[in-house]
Amino acid sequence: MRLASRWIVSAALIWASLLGACLASAAALPTSPLLRLEPGEHTGNVRNIATDAQGRWIVTASQDKTARIWDASDGHLVRTLRIPIGEGYEGQLDALAVSPDGNTIAVGGITTQFTTSLFGIGSADMTLYLFDRASGRLVRRLTDIPHTIIDAAFSPDGRLLAAVTGKGVYVFSVADGTLIARDLDYGGPSYSVDFSRDDRMVTSSWDGSIRLYGFDGAHFTLVAKQAAPGGKKPGITHFSPDGSRIAFGYLDTLAVSLLDGHTLASRGSADTSGIIPNNHVGLFAVAWSRDGSTLYAAADAKKIVNGKEVHVIRRWGAGGTGPGQDLVVPAGNITYLATLPDRRLAFSSGEASWGMLNGNGSMQYFHTPPIVNFRGTQDHLTVSADGTRIGFCPAPSCATLASFSVLSAELKAADTAGLMPPRTSAPGIAVAGLNTSYDPATLNGSPLYSGQDYSTSLAITPNGDGFALGAELWIRMFDRKGTERWKRPSYSGTFAVNVSQDGRWVIAAYGDGTIRWHRASDGVEELAFYAHPDGKRWVAWTPAGYYTSSPGAEDLIGWHVNRSVDQPADFFPIGQFRELFYRPDVIAKVIETTDESEAVKEANNAASRREPTVPVTQVLPPVVEVVSAPQQFASLTLDVQIKIHTPQDAPVTGTRVLVNGEIMATPRSGEAMQQDGSQTLTLALPPKDSDVVIYADNKNGRSAPAPFSLRWAGGNKAFDPGQQGSRKVDKPKLWLLAVGVSAYRNPHIPQLHYASDDAKAFAQILEAQQGKAYRAVDARVLTDDQATRASVLAGLDWLRSNVGAGDIGIVFLSGHGFTMATDHRYYYASVDVQPDKLTDTGVPYSAIQQALTDFNGRGDGTHAVFFIDTCHAGDATGVSIDASIKASNGDDLAGQLTRTDNQVLVFASSKGSQPSWEDPDSHHGAFTEAIIEGLGDKWDADPRKTGHVTYKNLDAWISYQVPLLTQGRQTPRLLVPPGGVDDFVLVSK
């Protein structure tokens, strides 16, 4: 059974039980930052999808508390809209409407925090938020709506906005937010509202009625009220484009009804034969093609095709009266449908996905949910005795297994030894009612709780004194007599639970793709873990935001910060606070102590750290808002209005602009920054469609990106290399810092054979490119005794100070790289490094990062490339490395450098925990030997004999050659910033 299907059913039951209830008053807007999952896609039920009249934009609204704007042509994300939110259900979005011109987006849902209700019926002050689509600005709030907002619609001219709620309909003037009309004489929640082209309005309600309203330009009048002919719970209701007919489906039956658009008289029904409903959910969502000739309907409908059940959307010709045809889609539980002018059809799904069908019914693109699917995996959530390791599988079939160790911070495939499944039976404890209905689960025949909640999973404690019960809305802990010890809200449904054998932890897998550790004594969450479905990226974090992650994964979570009720919320990826919150040592201590505060204290004591926990609100970077930017341009310069807000004690120190993934020359300010942060930037652009991203800096760090797209409207004008903002036609200059250490002064550090030779050989190849690929090459080579900490730091400073616009800067490091157990940050081991004083004698990652990112932002066409080979295998001296430090291949540093705001290209010698191997036959490391073969006299990285080797050519070659040289023991990696980097030449003949 699918989560989204259950959501619709549970909504019906909860609405029925809460109608007319008088609930607690709303709490104040939370001011503390909230940690949120943010993988760039929706992670919760996508409740609604809409488009503008021309079909240029797709907007989705989700119960993950975000709305997202997508380019309809290819489905790429344009902007994420964030309303003020709170804990629990506050901020879930259900209602969505896009104005016909596409300029205004309205969203609503559960927009107030309540202490006694999920839906807030009878409560005060729900809010509809109106956003400017182009800039993301919050334009207006429509307030004093005393019920959860379920659906919304603009009138055809965009002047009116209607919203239906748990009890009635409201109509507002968009211009000033004035309430025009309302009707609260509803006996049930309404799930749909729509306008005809002459401003008639139709609503459906679970009191079983369809209501039709007329509008005379000033007042709405109830024209007709008709019992829905095909069921008691009518769903999404839409006028045909000409307004002559109304179509709608149902939750409780498979019927799709047609009514007269002026009188509500029956006009028959669509043929739904052959559809297999899931859990008796009907064809709840309907939509008309823009010309009215085709009707579509869907929900969690299935059909047998070639002996197999598949999800389908049914469509009918002849305005819904023709024969049905089924379109196969990859997602079930369709929540909403939206049609575009070119006969395309967009759909949203309760499975956190959405997609677009072409006019012929084929799939144009589909957004797969970025969450591990824990549905049906209760028996496969396994836990070690002490709760430090977990095992899980990403799908009910469990064709693949994975495990995660909190102590070693490693995600592995199929390493599940010593992990135990949940205990589901014990003498005297007979729990029934799981995965069957929304009625309460029972203990020995007696209900465990009141109300409605779909129970899914069970785990009995090792000593049999109680049990954890997972459900759609809550996770609960009971003693063996059925007395509730505690309960906590679930995250989009609880799908699996387990209890560690030591009895300290209740561990739960949730519908948002996270696994969380709850203290068994009181249910307090102390640790959360998210693994991306790509199997590579993962992040674990505590409630205060201390985290550890794989490279490139730290931006999968971040801080949601409410500004005020009248402003959109800000979001800061957690990686922006790395210096303060990247603490693998704290994560490990949490498991030992079961208390975050104690874990921080013990970790700080062990590391001799005394820094206090700093609130995120005291170290916030700037936020960039694009106030005004045209959709198209026809000149090579363009003015863009932005607004930057930043803490009072951290003024803006600079801005940075990326055009098509490359950092352009510093933009000119058309005017000084105003007191409110407003400013005009004059951008230099190439004569082609362009994607622009703007950043700002203050003392706390760099802002999140503010992206927008521009379409070239200047015709086929030739690219003039003399124009400002275009790339130079001259050959670039190469600046190179190559460092290699084989013979370390400290005898306790394993000595290497060829690291210094690697640096020399790498530099020699590139120095020979003067006059070929580069107009000049300026190289600084530091090996063995020359490669002191001071000289390496000076070399990095030399590099960042000299690389100019259009140049290429390369850093090559070979030798040892370390992280300290008490620091967990990367250090390159200079020749004079002392393991017991690593922070004072090693070259810190921050110096490497600053050098590469600073010169990479100096001008248009500049490239920064980093070659790192610092986790060598073998022990030439037979002496072990000091136990307080760990050899490192710089994986984490590589992930940092390739962030969007850094834009560094990284060639890493190995992946994960792999070492780098030296090759006695070639007298080089395998990584460098492959580079020499690819770029040197052999020209192996130029298989097509073009006379040039680009960075992509080199990647292809070393990806093949290094595993060959090392018998598969070493796998090099190329790490490219998000959005990619255009290919460019490294060497030429």
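Summary of computed values
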item: Segments 386-393, 627-634 sorted - mean Cβ within 10 Å per residue, highest first; result: 386-393, 627-634
item: Equivalent ellipsoid semi-axes - Cα gyration tensor, segment 198-247, angstrom; result: 20, 13, 8
item: Rounded to whole Hz, the Karplus (6.51, -1.76, 1.60) HN-Hα couplings of segment 568-579, x for glycine and proline; result: x, 6, 9, 10, 10, x, 5, x, 5, 10, 4, 4
item: Sequence of Trp517, Trp957 once ranked by neighbouring C-beta atoms within 10 Å, starting from the fewest; result: Trp957, Trp517
item: Environment charge of Leu737, counting only residues whose C-beta is closer than 12 Å and scoring Lys/Arg +1, Asp/Glu -1; result: 0
item: Using alpha-carbon coordinates, inclination of helix 845-856 to the longest axis of the chain, degrees; result: 80
item: Net charge, Ala72 excluded, C-beta distance under 12 Å - Lys, Arg +1, Asp, Glu -1; result: -2
item: Alpha-carbon Rg with Dmax, taken over segment 623-712, Å; result: 12.7, 40
item: Diffusion constant of segment 45-168 at 4 °C, which comes from Stokes-Einstein with the Kirkwood Cα-pair radius and 1.567 mPa s, µm²/s; result: 91
item: C-alpha center-to-center spacing [segment 56-84, segment 412-431] in angstrom; result: 40
item: Centre separation in Å (Cα based) which lies between segment 166-190 and segment 734-765; result: 73
item: Long-range HN-HN contacts of Ile210 with modeled amide H, under 5 Å; result: Gln226, Ala227, Ala228
item: For the chain, calculated [θ]222 nm from helices alone, where every DSSP H run of n ≥ 4 adds -39500 (n - 2.57); result: -3500 deg cm²/dmol
item: Nearest-ten-degree value, helix 584-593 long axis tilted from longest Cα axis of the chain; result: 60
item: Length-normalised contact order for segment 922-989 - Cα pairs under 8 Å, 6+ apart - percent; result: 34
item: Distance histogram in 10 Å bins (all Cα pairs of segment 378-536, percent per bin); result: 11, 44, 34, 10, 1
item: Nearest-ten-degree value, helix 3-18 long axis tilted from longest Cα axis of the chain; result: 50
item: Relative contact order (%) - criterion: Cα under 8 Å, at least six apart; region: segment 306-355; result: 26
item: Antiparallel DSSP beta bridges within the chain, as percent of all bridges there, nearest 5; result: 85
item: For the chain: Kirkwood Rh in Å [reciprocal of mean 1/r, alpha carbons]; result: 30.6
item: About the Cα centre, charge dipole magnitude for segment 45-168 (Lys/Arg +1, Asp/Glu -1 at Cβ), debye; result: 140
item: Whichever lysines have a C-alpha closer than 29 Å to that of Lys303, once near sequence neighbours (fewer than 8 apart) are set aside; result: Lys232, Lys233
item: Residue order, fewest to most surrounding Cβ atoms within 10 angstrom, among Ser425, Ser269, Ser830; result: Ser425, Ser269, Ser830
item: Extent along principal axes [Cα atoms of segment 511-657; Å; largest to smallest]; result: 62, 38, 32
item: Estimated D of segment 237-330 in µm² per second, where Rh is the Kirkwood radius over Cα pairs and Stokes-Einstein applies at 20 °C, 1.002 mPa s; result: 162
item: In Å, descending, principal axis extents of the Cα set of segment 122-194; result: 39, 25, 19
item: Sorted by Cβ density within 10 Å, fewest first, the residues Glu625, Glu579, Glu525; result: Glu579, Glu525, Glu625
item: Length-normalised contact order for the chain - Cα pairs under 8 Å, 6+ apart - percent; result: 6
item: Difference of contour (0.36 nm per residue) and Cα-Cα distance, Glu309 to Lys911; result: 212.6 nm
item: Under 23 Å from the Cα of Lys699 - lysines, other chains or at least 8 residues apart; result: Lys643
item: Percent of Cα-Cα distances greater than 21 Å, calculated over segment 462-536; result: 22
item: For Arg267, distant residues with modelled amide H under 5 Å away; result: Leu258, Leu259, Asp260
item: Whole-percent pair-distance distribution, where bins are 10 Å wide, for the alpha carbons of segment 259-386; result: 12, 38, 30, 11, 5, 2, 1
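Just so you know, all these numbers are worked out from the coordinates, no wet-lab data involved. Keep in mind the model is a prediction, meaning the values are calculated, not measured. Don't worry about glycine lacking a Cβ; one is built from the backbone with ideal geometry, like all the others, and counts go over all protein chains shown.
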